[in-house]
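Below: the structure, in structure tokens.
The values are calculated or read from the model by the stated rules, or taken from the named source; none is laboratory data. Every value quoted in this text rests on a predicted model; they were computed, and no experiment measured them. Cβ: placed from backbone, ideal geometry, glycine included. Neighbour counts: every protein chain shown.
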């Protein structure tokens, strides 16, 4: 395991560990409930940049140390430098980070325990998949302190239905893990003691697929979602044609027909 970026007290704000194609990025500001400081967002962004080019990394898991997944933005840091320019920089940086996760050519799984609130809930909603412990709780509580969760709203409204998203945004109420699963915010809910194993198993299952196929599929998933129905089908047909011409598609189909395991070339 290696540490990425240091906090002011020399504690690493992000931990990285790569094992069997799965890169585990652990938010490591437990005393601050892993609030997304500028330093933590910078470290996470740089780790994702490296992951994008690392052929050994096939899937990314974002986890967290301590009792919480992520409590959102670091409000103390925000208020320490009040002003339009500083606020804009922080929110722009966070938005860029969320886009980076969506555009990463590798699946990203959130491993959630404790609370995931405000930008922390945004992070969960942004990840491609999410596995939550039974004790996990989710909220967009900015409305309670006079700061509507406008940027978390972008990811939330793309992950759950409009009525459910609006209720979370207007009330700021905590949503339990079972409800989050019913709403579509998370994929799986497991006992806390099984969380790491469950997320790792899901990541390992995906890591065994063709990296080329995963990349082309993830990009197409988000692109088609922004198109009208006819345009989406036209785009998807082009993507499938391009995918069909790839070596891994030929290998996968031939392996299926021959009833053998495929040997991926990731191309």
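Go through the stretch 228-243 and give me each residue that's without any contact (Cβ under 8 Å) to a residue 24 or more places away in the chain and out of contact with any helix residue (DSSP H, G or I) (no Cβ under 6 Å at 6 or more places or on another chain).
228, 229, 230, 231, 233, 234, 237, 238, 240, 241
Can you tell which of 194, 219, 231 is assigned by TED's automatic domain parsing to the domain that holds residue 70, modelled with pLDDT of 95 or more and surrounded by fewer than 16 Cβ atoms within 10 Å (Cβ to Cβ)?
The match here is 194.
Would you confirm whether any residue within the stretch 125-134 is assigned to a helix (DSSP H, G or I) and within 15 Å of residue 175 (Cβ to Cβ)?
For the stretch 125-134, residues assigned to a helix (DSSP H, G or I) and within 15 Å of residue 175 (Cβ to Cβ): present.
Would you confirm whether any residue within the stretch 56-64 is part of a helix (DSSP H, G or I), within 19 Å of residue 222 (Cα to Cα) and in contact (Cβ under 8 Å) with a residue 60 or more places away in the chain?
no
If residue 209 meets every condition in (1) part of a helix (DSSP H, G or I); (2) farther than 29 Å from residue 164 by Cα; (3) within 25 Å of the chain's Cα centre (by Cα) apart from one, which number is that one?
Going through (1) part of a helix (DSSP H, G or I); (2) farther than 29 Å from residue 164 by Cα; (3) within 25 Å of the chain's Cα centre (by Cα) one by one, residue 209 breaks only (1).
Please determine whether any residue of the stretch 59-68 is under 29 Å from residue 171 (Cβ atoms), surrounded by fewer than 16 Cβ atoms within 10 Å (Cβ to Cβ), out of contact with any strand residue (DSSP E or B) (no Cβ under 9 Å at 6 or more places or on another chain) and at pLDDT 95 or above.
No, the stretch 59-68 contains no residue that is under 29 Å from residue 171 (Cβ atoms), surrounded by fewer than 16 Cβ atoms within 10 Å (Cβ to Cβ), out of contact with any strand residue (DSSP E or B) (no Cβ under 9 Å at 6 or more places or on another chain) and at pLDDT 95 or above.
Select from the stretch 138-156 the residues that are more than 19 Å from residue 61 (Cα to Cα) and outside any helix (DSSP H, G or I) and list them in ascending order.
Hits for the stretch 138-156 are 139, 140, 146, 147, 148, 149.
Scan the stretch 110-136 for residues that are under 14 Å from residue 184 (Cα atoms), crowded, with 24+ Cβ neighbours inside 10 Å and in contact with a strand residue (DSSP E or B) (Cβ under 7 Å, 6 or more places away or on another chain) and report the count.
The number of residues fulfilling the criteria is 7.
Residue 161 - would you say it is within 18 Å of residue 126 (Cβ to Cβ) and in the same structural domain as residue 106 (by TED's automatic domain parsing)?
Yes; evaluated as a whole, the condition is true for this residue.
Provide a single number: the residues in the stretch 40-55 that are surrounded by 13 or more Cβ atoms within 10 Å (Cβ to Cβ) and in contact (Cβ under 8 Å) with a residue 40 or more places away in the chain.
So the answer is 9.
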